[in-house]
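Structure, as C-alpha cells:
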Amino acid sequence: MDELLEDAARRAKLYVSAIAERRVTPLPDAVGRLRELGGALPLDPTDPLAVLALLDEFGSPATMATTGPRYFGFVTGGVLPASLAANWLAGAWDQIAGLQVMSPVAAAIEEIALEWLLGIFGLPPSCGAGFVTGATMANFTALAAARHALLKRAGWDVEEDGLFGAPPLKVVVGAEVHVTVLKALGLLGLGRARISTVDADAQGRMRADALPAMDERTIVCIQAGNVNTGAFDPAQEICARARDAGAWVHVDGAFGLWAAADPERAHLMTGVASADSWATDCHKWLNVPYDSGLALVRDASSLQAAMAVTAAYLQTSPDRQPFHFTPESSRRARGIEIWAALRSLGRRGLAEMINRNCRQAQRFAEGLREAGYEVLNEVALNQVLVSFGAAERTRKVIEGVQQEGTCWCGGTVWHGRAAMRISVSSWATSEQDVERSLAAILKVALQ
C-alpha cells in the first residue's frame, strides 16, 4: 500500500506541475489511445502498480485541463491546493457521511463549513442544508422542501400520499430559467411544461412587473447569475411580492451566490437573502473537487421532512444527522473539501479570488471590444458573451480556439445570435493567462 500511494502521489504531482503549460484540450491521438484501457476484462488479477501506470499513461494525456488556469468553459472552477490535498486525505479516510455515528468527523466538519457558508452568503444561521452532488441535485432538494411545505400548508402529506390527488402547485420561472431547474421540476413530478414563464429583459433578468398572480401554493424560481450573462433577477422586488402572496421563492445561484463574498459585487445579491431556499455549487467558484453542491432552506424542518428516513437499525441521536437533509443516504464526505477551501482562503482570500475573476472577465471584454468584436452582455460578474460577426463566423472561431489548445471557451446562442461564452472562475487564472488566452482568441479570429 505504501508503495502504491507514493506512486499515485508522484504521478499526481507530475500532472499538477505541468497543468499550467499543457494544452487545455487533449490531442486527438491521446483520445484515440484510450482504447488501450479497454478490451476483455482480464481473468486474473493485475498488480495495482500496473493498474495505476496504465491509468496514468493513457488517461492523463486525454484529460481536459479543467484544473488549469486557461479553461473558461461551463463556469468550471479549478482545484485549490488545500482542497485537493484534503480530497486525498478524505479518500483515505473513506468516510460515509450519512449518520453522525458513521463518521463523527464528517458530520462535525459539515456543521462547521455550513456555519461559515451561511455567514458568507448572508443567510440565516438556522437554515437547513444538504451537501449534494451539484446544482441539479441542490435545486431538486430545495424544491422538494418547497413542495413539502406548500402541500403541508394545504393539508396534504406528499411524502406519504404522493402527488395523486394532491392540491395543484403553481411554478413560476423566468424565460432564462436554467435547465437544471426544469430537470428538478420534472423529477419532482411538478412537470416541465406546467410552468408559468415570465419574460426577461435584454440581460436575461426576470421582469418583476410581468409576474403572474401568486398565492400560497406558488413556487417562484429566480436566478442569481444567468448562465450566459451573469445577470441577477430582481430578487428584492420579486421576494416582496411573493411574500405578500404567501408564495415560496427559490434561488438558483449555482455560481452567482458567491458574489456575496466580494464587497464590490455583493450589491448584486440585494434581496436574495429574503428567499426561502437557495442552490449553489462549491465545485464552481469555491474551486473544490467534483462533485460538490449545496441546497439551503430557510425552514430546516421542511428540508428534513422532505428528505428524512427512519428505520430501526439506523442509530440516531439529537445531533444533526446529515442524511436527513439529502436525497442520498450513503455518500462521500464532501464537506471536508469545502472546509479546507474556506479555511485556506479565509474571507479575504475568497473575496480576492471572486473579485480577481470578475476583473479578468472585464479584461477579456475590453480586449475583444478593442479588437472590434461585439460583446453582447453587461459584464457585471464573470461571464462574457462575444460575437465575431455572422453565426457561421462565430462558430468557426469557437471551433478554432478549442482546437488551438491555449484556452477553452464554449459556444452558446443568445437572443438568436451565436456567441462565444467565456466563464472565468478558476483560482489559478493569472493576468498573464488572460492576456495569453486573449491573444490566442484574436489570432484565431483573424485567420
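The values are calculated or read from the model by the stated rules, or taken from the named source; none is laboratory data. This is a predicted model, so every value here is computed, not measured. Virtual Cβ from ideal backbone geometry, glycine too; neighbours counted across all protein chains shown.
Just a yes or no: is a residue in segment 332-354 surrounded by 24 or more Cβ atoms within 10 Å (Cβ to Cβ), part of a loop (DSSP other than H, G, I, E, B) and among the charged types (D, E, K, R)? Scanning segment 332-354, I find at least one residue that is surrounded by 24 or more Cβ atoms within 10 Å (Cβ to Cβ), part of a loop (DSSP other than H, G, I, E, B) and among the charged types (D, E, K, R), so the answer is yes.
What residue, of Glu328, Glu352, is more than 24 Å from Ile120 (Cα to Cα), within 20 Å of the chain's Cα centre (by Cα) and among the acidic types (Asp, Glu)?
Glu328
Within segment 112-150, the set of residues being over 20 Å from the mean Cα position of the chain (by Cα), of a type outside the set (Val, Ile, Thr) and surrounded by fewer than 20 Cβ atoms within 10 Å (Cβ to Cβ) comprises Pro124, Pro125, Ser126. The set of residues in segment 263-297 being farther than 23 Å from Leu84 by Cα and surrounded by fewer than 22 Cβ atoms within 10 Å (Cβ to Cβ) consists of Pro263, Glu264, Arg265, Ala266, His267, Leu268, Thr270, Gly271, Ala273, Ser274. Of the candidates Val397, Val424, the single residue that is under 24 Å from the mean Cα position of the chain (by Cα) and outside the structural domain of Asp262 (by TED's automatic domain parsing) is Val424.
Among the conditions (1) surrounded by fewer than 20 Cβ atoms within 10 Å (Cβ to Cβ); (2) part of a loop (DSSP other than H, G, I, E, B); (3) not polar (S, T, N, Q), Gly204 misses just one, which is (1).
Against the condition outside the structural domain of Phe255 (by TED's automatic domain parsing) and either of a type in the set (A, V, I, L, M, F, W, C) or at pLDDT below 95 (or both), how does Leu54 come out, does it pass? In short, yes. Among residues of segment 75-90 that are crowded, with 23+ Cβ neighbours inside 10 Å, those with a Cβ under 7 angstrom from a residue that is charged (D, E, K, R) and not in a helix (DSSP H, G or I), sequence gap 6+ or separate chain, pair up as Val75/Lys284; Gly77/Lys284. Screening segment 357-433 for strands (runs of 3 or more DSSP E) wholly inside it with 2 or more residues that are surrounded by fewer than 22 Cβ atoms within 10 Å (Cβ to Cβ) and either in contact with an Asp or Glu (Cβ under 6 Å, 6 or more places away or on another chain) or not aliphatic (A, V, I, L, M) (or both) returns the ranges 410-414.
State which residue pairs qualify: first residue at pLDDT 95 or above and inside segment 182-202, second residue surrounded by 15 or more Cβ atoms within 10 Å (Cβ to Cβ) and of a type in the set (Gly, Ala, Ser) in any location, beta carbons under 7 Å apart, and separation of 6 or more residues or different chains. Note: pairs meeting the criteria are Leu188/Ala144; Val198/Gly174; Ala200/Gly174. Taken over segment 11-58, residues that are out of contact with any Lys or Arg (no Cβ under 7 Å at 6 or more places or on another chain), farther than 19 Å from Gly405 by Cβ and charged (D, E, K, R) amount to 7.
Return the pairs, sorted by first residue and then second, in which the second residue is assigned to a strand (DSSP E or B), the first residue lies in segment 418-432 and is charged (D, E, K, R), the beta carbons are less than 8 Å apart, and the residues are 6+ apart or on different chains. Cβ pairs passing all conditions: Arg421/Gln383; Arg421/Val384; Arg421/Leu385; Arg421/Gly410; Arg421/Gly411; Arg421/Thr412. For segment 150-170, which residues satisfy the criterion of being among the acidic types (Asp, Glu) and in contact with a helix residue (DSSP H, G or I) (Cβ under 8 Å, 6 or more places away or on another chain)? Selection gives Asp157, Glu159.
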